[in-house]
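Structure first, then comments.
The values are calculated or read from the model by the stated rules, or taken from the named source; none is laboratory data. Predicted, not measured: the structure shown is a model, and the values here were computed from it. Here the Cβ is made from the backbone with ideal geometry for all residues, glycine too, and neighbour counts use every protein chain on show.
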Amino acid sequence: MNIVREDIDALNAKLKVVVAPADYQEKVNAILVKHSKTAKIPGFRNGKIPMGMIKKQYGRGVLSEELNKIVNESLQKFITENKIDILGNPLPSANEEFKGDFENPGEFTFTYELGLAPEFKVALTAKSKFDYFKVKIDKKLISKQIEDLRRRYGKLISTDEVGERDMIMAQFVELNDDATIKESGVLHSSTISMEFVNDKKTTKSLLGKKVGDKIIVDPANVSKGAKDTAAMLGVNEEELAGLSKQFQMTITEVKQMEMADLNAELYDKLFGEGVVKNEKDLNAKVTSDLEGMFSNDSDKMLTRSVYENLIDKTKVELPDAFMKRWIKASNEKEITDEQLEAEYDGYAKGLKWQLIQGKLFKDNDIKMEQDEVINFTKSLLVSNYAQYGMPAPEDKELSASAMQVLQNREEANRIYEMLGEQKLTKLFKDTVKLNEKEIAYDDFVEMASK
């Protein structure tokens, strides 16, 4: 076996693999002997078929399969041992013909093309400067958060008329264009929330209405999107197009949220026994929780800014012609040249970031040890339990659950990406100069959602 590397340029190379009979003959003969014992050919007893006939019938297929196996194993070994950093996988050469004769087996020559990972530097130093946006935690935001907590732990009570944040139970009846009831039309009872009625005219028509009042509404104006509209009317989403835009809405009940009182019972329920004793403690605790909650979003915005900066400033050249060939060859579904050209820039940008990310990990000796991945997964599970107000199980059970989650390849990839991003964010915060800026909550949300 002989493999020769030929560099075409800094991003492309070829590997010529020369396979001699000594590399394959013994294995091919052994497989043919096995075939001779099990093959069935009319006119010959089992196990008594001449080897010449066995070779004629099976020889080419066995040789082809064995050569393919030998070449692939040799390529991977050569690439690993010589520490060749490649993109994608080796591809059979598009320009150089395969050399060899299956009818008279002797020496075979296979030529493969390689796309080489580029050499580059990442421009990220202590001189790099980035804005780090933080939410301004003011009295208005604290009050809103406390109000939301009181509403979450409050209770619904019946009320006389519709207010700005009330829930309305109503019967919806489909109407004709002349506002008469449509025969065999939709008739369904459902609930709407005034908080989600965004149409100002509809909101005005509902405010102050009482049980028994009838209002003509467009169902789309008292729901959140097509899926919600369909559920409200008790129909399939596909049926909406054929329905009237006019429905008679008869109010059957109005519910108002009576907010929970600020007392020791609520404090203990929210934060644990004795953690918060009065409204001063409550304000401090809410402020701390808000800062922690928004810090994750602040980190994500910083990471996004650094990502965009590095993508823009880091010069990374790719073996584009090779990568396009590899994408077509490796894609499960057939992809046309037009599709490839249209989507390649996006693919190249993603690959560029993977290379930058990999270099950052390597240059800064960032690793993800197995114990660390398991503990990170356990922390995600604990957060999930907390989200539903449930206590986390004992550590042994939690560890078992984490291991089970990591058995799922998609979940494992997602968790590795999350942990990797967390480590990169820490690297960015430790490396670059941060220009902290406090901005209003609404502005922060708008920036974070981009």
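Quick notes on this structure:
- Every residue from region 168-195 that is part of a strand (DSSP E or B) and either of a type in the set (A, V, I, L, M, F, W, C) or closer than 12 Å to residue 244 by Cα (or both): 168, 169, 170, 172, 173, 174, 175, 181, 187, 192
- From 88, 115, 100, residue being modelled with pLDDT of 95 or more, surrounded by 11 or more Cβ atoms within 10 Å (Cβ to Cβ) and within 23 Å of residue 77 (Cα to Cα): 115
- Note on region 33-63: residues that are closer than 22 Å to residue 20 by Cβ and surrounded by fewer than 13 Cβ atoms within 10 Å (Cβ to Cβ) amount to 2.
- Some residue of region 219-234 being free of Cβ contacts under 8 Å to residues at least 12 places away in the same chain, crowded, with 16+ Cβ neighbours inside 10 Å, under 23 Å from residue 167 (Cβ atoms) and touching a Ser or Thr at 6+ places or on another chain (Cβ under 8 Å): yes
- Residue ID - surrounded by the most Cβ atoms within 10 Å (Cβ to Cβ), chosen from residues in region 143-177 that are acidic (Asp, Glu) and more than 23 Å from residue 263 (Cβ to Cβ): 174
- Residues in region 63-112 that are β-branched (Val, Ile, Thr) and either on the phi > 0 side of the Ramachandran plot or part of a helix (DSSP H, G or I) (or both): 70, 71, 79, 80.
To keep it simple, each residue is scored yes or no on (1) touching a residue at least 24 places away in the same chain (Cβ under 8 Å); (2) over 23 Å from residue 88 (Cα atoms).
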residue	(1), (2)
277	no, yes
293	no, yes
299	yes, yes
313	yes, yes
317	yes, no
322	yes, no
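- Meets criteria (within 30 Å of residue 355 (Cβ to Cβ), exposed (fewer than 15 other Cβ atoms within 10 Å of the Cβ) and either basic (Lys, Arg) or touching a residue at least 60 places away in the same chain (Cβ under 8 Å) (or both)) for residue 94: yes
- Total residues in region 250-269, condition assigned to a strand (DSSP E or B) and out of contact with any Lys or Arg (no Cβ under 7 Å at 6 or more places or on another chain): 5
- Scanning region 68-127 for residues that are touching a strand residue (DSSP E or B) at 6+ places or on another chain (Cβ under 7 Å) and of a type in the set (Ser, Thr, Tyr) yields 74, 93, 109, 111, 112.
- Unique residue being small (Gly, Ala, Ser) and either under 19 Å from the mean Cα position of the chain (by Cα) or at pLDDT below 90 (or both) when the list is 448, 342: 448
- Subset of region 259-295 that is of a type in the set (D, E, K, R) and under 23 Å from residue 157 (Cβ atoms) - its residue that is modelled with the lowest pLDDT: 269
- Here residue 418 clears all of (1) surrounded by 14 or more Cβ atoms within 10 Å (Cβ to Cβ); (2) closer than 26 Å to residue 305 by Cβ; (3) among the aliphatic types (A, V, I, L, M) except the condition numbered (1).
- Criterion (in the same structural domain as residue 235 (by TED's automatic domain parsing), surrounded by 15 or more Cβ atoms within 10 Å (Cβ to Cβ) and over 17 Å from residue 228 (Cβ atoms)) met by exactly one of 201, 209: 209
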